[in-house]
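The values are calculated or read from the model by the stated rules, or taken from the named source; none is laboratory data. All figures in this text were calculated on a predicted structure; none of them were measured in a lab. Here the Cβ is made from the backbone with ideal geometry for all residues, glycine too, and neighbour counts use every protein chain on show.
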């Protein structure tokens, strides 16, 4: 049984169809990439999955449970977290506070209004682990607003990861990251624990083909092709709409 | 691993630790009980205003909710504490104070749902509208509130049956300052707790707050309720120390002045309301002895200057001063481990 499924998902904004009949199945533990040309509706799908948008038709099922009508924060509690294409961080907080906050929320300490954040060892232990995993230890006391872009991107993923998701939705994690900081970011993504299912939206084909074990192609709001990376790369229809010849030859 | 763990835990705790500047602030505040006995009446007003401004800082500085209707909670609790004293329903002032706070908090909870949605402007209008309605209700039901003449015949029993309120305001001042301090300690615990941190995060980015599992709506409701309770306690203190309550507790002026006080003091570091109240009250006292009728001219001028200096972040206009002060203290006391916490909350 897939860990995450969409059934006939559709989103209209007035007369514009941003997503139609998207039926997608993400297997447990998969590294699933969602690709497609600009405006194909990839971010719309992520927004529907995470609950930022409500679909006009269709259903979303997470681990056998229908979550279509749930609020974003409820979906997080059920085990699905996302990152954003454009950083959505708490600029006035430090990375340490940011991650501490997310961990405290998940452990149910978010309603604690009396004891300071750092007084729970369960929280601090986990914060330490995440800070190390995402290479943020050297900047953890800086204000998030002044971090280098690559570090902000890492924090963007670390923050979603701190929710301990079973399914992690990554919306163009490498977008805009300068070459010098890229390697660290890609290595961190590659090292995500195997038990976490990842659905990745990405433009960067190097990243997609090195990372994904399954690829879905979205065109004009609809699912176009779905399959293993080799099949997708060879599919002449995909070639026509999206991929360059050069890339296919490389694979 | 271990040093990093200590660093993390230490840092997350350290921010909540009391710094030398804060301790000095409160020692001085309590010292005024003996140092400035002739000023106790104005100091009482200042302490009440400070608590009222603290209540606004909790929602404006920490939750990003702007309000022009904080007087609603102040006034309702003010009338409530006056009425229970007048009719002998609750005689002991501290119990009456707590009940007044709860009444205001209940009103805050109910009205919080109206201010949750919408932009700053809608929030301003909704909060303003609620306090206007309450003001007019108090005017209409003058058989209960005394209307324009105010609530007459209120007598406040001694605190704990022991400490009688006196004409010079000595008891009243000690009482108000103590209540202010207790409320401040509670507010301080709140803002440094995970709950408070989640609110700061939501204020900065509600979209992401939702996306990491924070029930944004309920957090805002909770903070708005607490803030209303604090405002109510301030209103009840005013009634109890003056044995009187009139329509102006619900006036727009009171809410507008409050915003001014908080902006003078700066938002989002808890002391803004307190410092703002001291500056505001003493300027009022000082300028009005020189130009009794026109003192608000100078307050207006100061407001314009502050807004021009602070630009977009008017509540943070004195951030530079605060940071410089913290550095100075750190330099003087040279105990770096503890003094990390002397830096005022940057937000």
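Here are the numbers:
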{"item": "Only one of A:154, A:147, A:170, A:159 that is within 12 Å of chain B (Cβ to nearest Cβ) and within 22 Å of residue B:205 (Cα to Cα)", "result": "A:159"}
{"item": "Enumeration of residues in the stretch B:188-214 that are more than 7 Å from every other protein chain (Cβ to nearest Cβ) and farther than 27 Å from residue B:50 by Cβ", "result": "B:206, B:209"}
{"item": "Odd one out for residue A:160 among (1) buried (at least 17 other Cβ atoms within 10 Å of the Cβ); (2) in contact with a strand residue (DSSP E or B) (Cβ under 7 Å, 6 or more places away or on another chain); (3) more than 28 Å from residue A:73 (Cβ to Cβ)", "result": "(3)"}
{"item": "Those helices (runs of 4 or more DSSP H) lying entirely in the stretch B:1-108 with at least 2 residues modelled with pLDDT of 95 or more and touching a strand residue (DSSP E or B) at 6+ places or on another chain (Cβ under 9 Å)", "result": "B:70-86"}
{"item": "Candidates B:211, B:206, B:228, B:201 - the one that is farther than 21 Å from residue B:241 by Cα and either modelled with pLDDT of 95 or more or touching a strand residue (DSSP E or B) at 6+ places or on another chain (Cβ under 7 Å) (or both)", "result": "B:211"}
{"item": "Helices (runs of 4 or more DSSP H) within the stretch A:25-124 that include 3 or more residues touching a helix residue (DSSP H, G or I) at 6+ places or on another chain (Cβ under 8 Å), buried (at least 17 other Cβ atoms within 10 Å of the Cβ) and more than 7 Å from chain B (Cβ to nearest Cβ)", "result": "A:95-106"}
{"item": "Which numbered condition residue B:185 misses (of (1) more than 19 Å from residue B:104 (Cα to Cα); (2) within 14 Å of chain A (Cβ to nearest Cβ); (3) over 16 Å from the mean Cα position of the chain (by Cα); (4) without any contact (Cβ under 8 Å) to a residue 60 or more places away in the chain)", "result": "(3)"}
{"item": "Filter result for residue A:159 (in contact (Cβ under 8 Å) with a residue 40 or more places away in the chain and not in a loop (DSSP other than H, G, I, E, B))", "result": "yes"}
{"item": "Yes/no for residue B:83 being more than 19 Å from the chain's Cα centre (by Cα) and within 20 Å of residue B:154 (Cβ to Cβ)", "result": "yes"}
{"item": "Residue in the stretch B:205-221 that is touching a helix residue (DSSP H, G or I) at 6+ places or on another chain (Cβ under 8 Å), closer than 29 Å to residue B:46 by Cβ and in a helix (DSSP H, G or I) present", "result": "no"}
{"item": "Selection status of residue B:60, out of contact with any helix residue (DSSP H, G or I) (no Cβ under 6 Å at 6 or more places or on another chain), in contact (Cβ under 8 Å) with a residue 12 or more places away in the chain and within 23 Å of residue B:269 (Cβ to Cβ)", "result": "yes"}
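Yes/no per residue for (1) touching a residue at least 40 places away in the same chain (Cβ under 8 Å); (2) assigned to a loop (DSSP other than H, G, I, E, B); (3) over 30 Å from residue A:12 (Cα atoms):
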residue	(1), (2), (3)
A:150	no, no, yes
A:164	yes, yes, yes
A:174	no, yes, no
A:182	no, no, yes
A:198	yes, no, no
A:240	no, no, no
